Amino acid sequence: MGDAYIFDAVRLPRGRVRKGGGTLAEVPPYELFGQLLTALEARGCPAESVDDVLVGVSTVSGEQGGDIARAAALWAGWPDSVPGGVVSRLCCSGLDAVESGAARVGAGIAGVIVAGGVESMSRVPMLSDRPAIAVDNDLGERSGFVTIGVSADLTAAAYGIMRPQLDAYAVESHRRACAALGSDALIPVRKGGTVLLAVDEGARVDASPDGFARLPALFGSDPAWARVARRLPGAPRPMYGLHTVATAPQLADGASALVLGNRSAAGTLGRAPVAVIAGMAQAAVRSPLLTAPVHAAQTALRRAGIGAAELDVVEVNESFAVTPLLLMRELGLDPARVNPSGGALAVGHPLGATGGILIAQALDALVRCDGEHALVTIPAALGLGSALVLRRLS
């Protein structure tokens with residue numbers, strides 16, 4: 001397989017989901033992603049040179065069904081000859097779309113692919129598609145499906161990560177998000193001639209350990225613990241629960257898109273690549289644990305031919321505070337290099353869009369620290385995890 005390069009990366013700011021309607025609630029998901037296609041074309045990606053558009057979506061239902069990738073390309077006015085398809089792997093969907101696109105350009109099946117993800121949780125709520133895994137009791141028992149919050153509490157308890165550590169991590173996520181610098185990858189969301197949102201929402205300057213410590217735990221009394229006990233006899237159960245609204249990822253709307261290409265795409269695009277994808281991996285563990293990102297990261301690093309100590313930047317989705325804390329411990333990572341601009345606890349997790357968002361942030365962070373290697377990894381329900389290693393090109 002040949003190399004797969006990243007030539008450009010763009011994303012929308014993450015908009016908070018609110019009961020009365022989030023900031024981006026009036027923009028349909030095909031338009032969220034379509035605005036990024038328009039931006040990529042304006043930044044020098046000729047639409048007619050794109051062989052395919054791959055979009056990661058977690059909840060493929062309603063307005064996010066019916067091949068939203070093709071719909072977004074048509075909305076953006078791209079040539080009728082540009083196809084599009086959807087990749088769905090729950091929270092790993094966007095990262096999987098990028099990995100699928102990278103595999104195709106690396107294999108010579110395509111020269112240029114736009115890959116990323118979109119999720120409008122305002123308009124298509126999580127589990128609104130009533131998946132069998134969540135509503136069929138027999139399948140739930142066979143698979144061990146529980147809400148991911150219960151999985152997070154179970155994983156934290158199993159690895160001895162307690163409430164004060166979770167709260168302290170969340171405070172730091174907000175602090176870093178508040179201090180985050182601007183990015184050329186960030187594309188303002190517009191409706192008509194009005195800018196609806198230009199920066200990520202949600203980061204709190206008043207986040208404090210004392211304030212977070214007073215919040216009630218969310219999952220301690222969840223009836224799904226009975227299923228956990230049947231699935232994993234002897235598994236620890238925290239008496240009062242561990243994660244709260246502060247240590248859970250915020251719901252958000254968003255989108256992301258990357259231009260991927262093979263070695264000859266530089267001539268087609270008229271620009272040099274900014275990074276090469278050095279390693280990729282998917283992993284799974286016995287659900288409902290959230291440890292798959294550790295295994296996926298280890299495999300992706302091995303395939304990239306580097307060790308964890310050589311990473312300059314790590315972007316791990318804050319799918320509850322336990323995820324980055326566990327990854328740092330298991331891989332021996334320097335906390336200063338992990339999520340340097342904060343993460344989903346502060347500014348939200350728009351499911352299918354998150355993979356591309358984290359890659360864009362990793363590229364920014366590598367430039368700022370003049371680093372070479374970055375790891376991006378995401379967990380998902382059902383014991384899934386994905387990881388990708390980037391090598392920045394000078």
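Annotations
- Cβ pairs under 9 Å, 6+ apart, first in region 171-182 and closer than 7 Å to Gly342 by Cα, second surrounded by fewer than 18 Cβ atoms within 10 Å (Cβ to Cβ) and among the acidic types (Asp, Glu): His174/Asp206
- Residue count for region 49-69 under the criterion of being open to solvent by 20 Å² or more (accessible area, probe 1.4 Å), without any contact (Cβ under 8 Å) to a residue 60 or more places away in the chain and part of a helix (DSSP H, G or I): the result is 0.
- Residue that is nearest to Gly94 (Cα to Cα), among those in region 369-383 that are of a type outside the set (Asp, Glu) and open to solvent by 40 Å² or more (accessible area, probe 1.4 Å): Leu382
- Looking only at region 21-39, and only at residues there that are open to solvent by 10 Å² or more (accessible area, probe 1.4 Å) and of a type in the set (A, V, I, L, M), the one that is nearest to Asp200 (Cα to Cα): Ala25
- With respect to (1) closer than 25 Å to Met162 by Cβ; (2) of a type outside the set (D, E, K, R); (3) in a loop (DSSP other than H, G, I, E, B), the lone exception for Ile378 is condition (3).
- The listed residues are Ser183, Ser173, and the only one of them that is within 25 Å of Tyr159 (Cβ to Cβ) and at pLDDT 95 or above turns out to be Ser173.
- Number of the exception - Gly220 against (1) open to solvent by less than 20 Å² (accessible area, probe 1.4 Å); (2) within 24 Å of the chain's Cα centre (by Cα): (2)
- Entry remark, region 75-128: residues being over 26 Å from Leu390 (Cβ atoms) and part of a strand (DSSP E or B) number 1 in total.
- Answer from Ser100, Ser88, Ser58 - the residue that is more than 14 Å from the chain's Cα centre (by Cα) and among the hydroxyl-bearing types (Ser, Thr, Tyr): Ser100
- Residues (touching a Leu at 6+ places or on another chain (Cβ under 8 Å) and open to solvent by less than 60 Å² (accessible area, probe 1.4 Å)) located in region 176-193: Ala185, Leu186, Ile187, Pro188, Val189
- Within region 130-160, the set of residues being surrounded by fewer than 16 Cβ atoms within 10 Å (Cβ to Cβ) and of a type in the set (Asp, Glu) comprises Asp136, Asp138, Glu141.
- Of Asp364, Asp370, all but one fail to be without any contact (Cβ under 8 Å) to a residue 60 or more places away in the chain and charged (D, E, K, R); the exception is Asp370.
- Gln361 satisfies every condition listed in (1) polar (S, T, N, Q); (2) surrounded by fewer than 24 Cβ atoms within 10 Å (Cβ to Cβ); (3) part of a helix (DSSP H, G or I) except (2).
- Selection status of Ser173, within 17 Å of Arg231 (Cα to Cα), part of a helix (DSSP H, G or I) and open to solvent by less than 60 Å² (accessible area, probe 1.4 Å): no
The values are calculated or read from the model by the stated rules, or taken from the named source; none is laboratory data. Here the structure is a predicted model, which is why all the values come from computation and not from measurement. Using ideal geometry, Cβ is built from the backbone for each residue, glycine included, and neighbour counts are taken over all protein chains shown. Just so you know, the surface numbers come from the protein's heavy atoms only, side chains and all, with ligands and any DNA or RNA stripped out. Shrake-Rupley method; radii C 1.70, N 1.55, O 1.52, S 1.80 Å.
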